[in-house]
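The values are calculated or read from the model by the stated rules, or taken from the named source; none is laboratory data. Values in this document were obtained by computation on a predicted structure and should not be read as measured data. No Cβ is skipped: glycine too gets one built from the backbone with ideal geometry, and neighbour counts run over all protein chains shown.
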Amino acid sequence: MDKHNTLTLATSSDGKPWAATVFFVSDKNLSLYFVSDHRTRHGRDMQKNARVVATVNADCDNWHDVRGLQIDGTASIINGLARAKALALYLAKFPQIDALFASPKGEHEETIAERLK
């Protein structure tokens, strides 16, 4: 899992499926953590229906080489110590994010920094 940075997260609500690509980290128990905004479509979906599925895979040119992991689970918002631990994992995997806190460049980076606070 450490070799991969993104996963495709599938959510649904009101019978309408949706997929979004998100950056993620995993812990030693293979719990997955990602950062999102509750106002995104997948964020709104998860507020109504916490059941999610995801895939993690590498790009390849030959269909014989396609390998991936399919995941079925429940999404939840984490707070307190669990959030701090997940954020530490996230910053260790994506050290460039530290720069967003110090000096975000533009509105998009400000939004990302705000989500991580």
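List of remarks:
- All of Asp45, Asp27, Asp14, Asp37 fail the test of being among the acidic types (Asp, Glu) and under 16 Å from Phe94 (Cα atoms), apart from Asp27.
- Note on the stretch 1-19: residues that are in a strand (DSSP E or B) and either among the charged types (D, E, K, R) or under 19 Å from Glu109 (Cβ atoms) (or both) amount to 2.
Residue by residue, here is whether (1) without any contact (Cβ under 8 Å) to a residue 60 or more places away in the chain; (2) over 13 Å from the mean Cα position of the chain (by Cα) holds:
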| position | (1), (2) |
| --- | --- |
| Asp14 | yes, yes |
| Ala20 | yes, no |
| Val35 | no, no |
| Thr55 | yes, no |
| Phe94 | no, no |
| Ile97 | yes, yes |
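- If you filter the stretch 72-92 down to residues that are of a type in the set (Gly, Ala, Ser) and within 13 Å of the chain's Cα centre (by Cα), you find that the one that is farthest from Ser12 (Cα to Cα) is Ala86.
- Among (1) farther than 21 Å from Arg115 by Cα; (2) exposed (fewer than 12 other Cβ atoms within 10 Å of the Cβ); (3) touching a helix residue (DSSP H, G or I) at 6+ places or on another chain (Cβ under 8 Å), the one test that Lys3 misses: (3)
- From the options Thr40, Thr21, Thr74, residue that is more than 22 Å from Asp2 (Cα to Cα) and either out of contact with any helix residue (DSSP H, G or I) (no Cβ under 9 Å at 6 or more places or on another chain) or among the polar types (S, T, N, Q) (or both): Thr40
- Entirely in the stretch 23-107, the helices (runs of 4 or more DSSP H) that have 3 or more residues that are of a type in the set (D, E, K, R), modelled with pLDDT of 95 or more and surrounded by 10 or more Cβ atoms within 10 Å (Cβ to Cβ): 41-48
- In the stretch 86-113, the residues that are out of contact with any strand residue (DSSP E or B) (no Cβ under 9 Å at 6 or more places or on another chain) and of a type outside the set (A, V, I, L, M, F, W, C): Pro95, Gln96, Asp98, Ser103, Pro104, Lys105, Gly106, Glu107, His108, Glu109, Glu110, Thr111
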